[in-house]
Amino acid sequence: MDKFSISPAVKVPGWHIHKRLYDWVLHFAHTKHSMVALFCLSFAESSFFPVPPDVLLAPLALGAPKKWLRFATVCSIASVLGGIAGYLIGLGLWEVINQWVFAHLGSIGFTTENFAKFQNGYDKYDFWIVFTCGFTPLPYKVCTISAGVAKIFFPGFLIASATSRSARFFLVAGLFRWKGEAIRPFIDKYFNLLTLAFVILLVGGFAAIKLLH
C-alpha cells in the first residue's frame, strides 16, 4: 500500500491531514517545479488552500539565497491575484456555495463566527482588517472572500493586500537569506507573535497621529 493511502474504514484526524498537506507542499522545494508550485500555492492559499506559502518560500530561499527576491516577488504577486479571486468569489458566488463551505471548510477558518467578525468590522476598518490578515497568521482566505461578500472598496482592498502580502513574504525570504538555517527556530517560535505585535504598533501609530491632528 502506498504510504499516502488512507483506509476508508479509518477516520483520520484533521491535524493529520493538514500535516500530510504540509509535507506534500514541502517536497516541491526539492523539485524542478518549485517556482510553479510556489506560484500555485500562493494563489490557492489566498482563497481556499490551508497551507501557507511560507512553508515552501523558506526552504527555497535557503536553498538558493541569491534568488530570494525572485521567490518573494512570485509569492507576493500570486497571493494578491489569489486574493482578487477570493474577493470575486465572495462578490459573485458566495450565496451559492456558502453552506457547503461552512460545512466542509470550517477547520481552515471558514466558520460562521469568523465571517460575522469580519463583516462587523468592515464598515469602519476595512483597510486595516485586510492589511492585518495579509501580514499576520490570521486567515487571509476568509478575509478575501468576506471582503467580496461585504463589497468593500476594491482599490483599498487591493492596496492593503499588495502591501501586506509583499511585506510578509519579503520579510520571510529576506530573513532566511540573511541568517540562513540559524533563523528557522526563532521564526518557528516567535513569527506569529512578532507579526501581530508589528500590526498593533503600526495601527497604534496611525491612530496616535490622527489624534494629534
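Per residue of region 136-151, what does 6.51 cos²θ - 1.76 cosθ + 1.60 with θ = phi - 60° give for ³J(HN,Hα)? Whole Hz please, x for Gly and Pro, Karplus curve as stated.
Working through the residues one at a time gives 9, x, 4, x, 4, 4, 5, 4, 5, 6, 5, 5, x, 4, 7, 6 Hz.
Applying 1/(1 + (r/R0)^6) with R0 = 41 Å to the Cβ-Cβ distance of Thr112 and Leu69, what FRET efficiency is obtained, to the nearest 0.05?
Rounded to the nearest 0.05, the efficiency is 0.50.
So if I place +1 on the C-beta of Lys and Arg and -1 on the C-beta of Asp and Glu, and nothing else carries charge, what would the dipole magnitude of region 73-177 be about its Cα centre? I want it in debye, nearest 20.
320
Could you order the peptides 100-109, 59-68 from most to least packed, using the average number of other C-beta atoms within 10 Å per residue?
Going by the mean number of other Cβ atoms within 10 Å, highest first, we get 59-68, 100-109.
For His104 and Lys179, compute 0.36 nm times the residue count separating them, minus their Cα-Cα distance, and round to one decimal in nm.
Net length gain for the segment: 23.0 nm.
Rounded to the nearest 0.05, what FRET efficiency do Arg20 and Asn120 have when you use their Cβ-Cβ distance and R0 = 41 Å?
For R0 = 41 Å, the calculated efficiency reads 0.70.
Read-outs: derived from the displayed coordinates by stated rules, not from any lab. Every value quoted in this text rests on a predicted model; they were computed, and no experiment measured them. Reconstructed Cβ throughout: ideal geometry from the backbone, glycine too, with neighbour counts over all protein chains shown.
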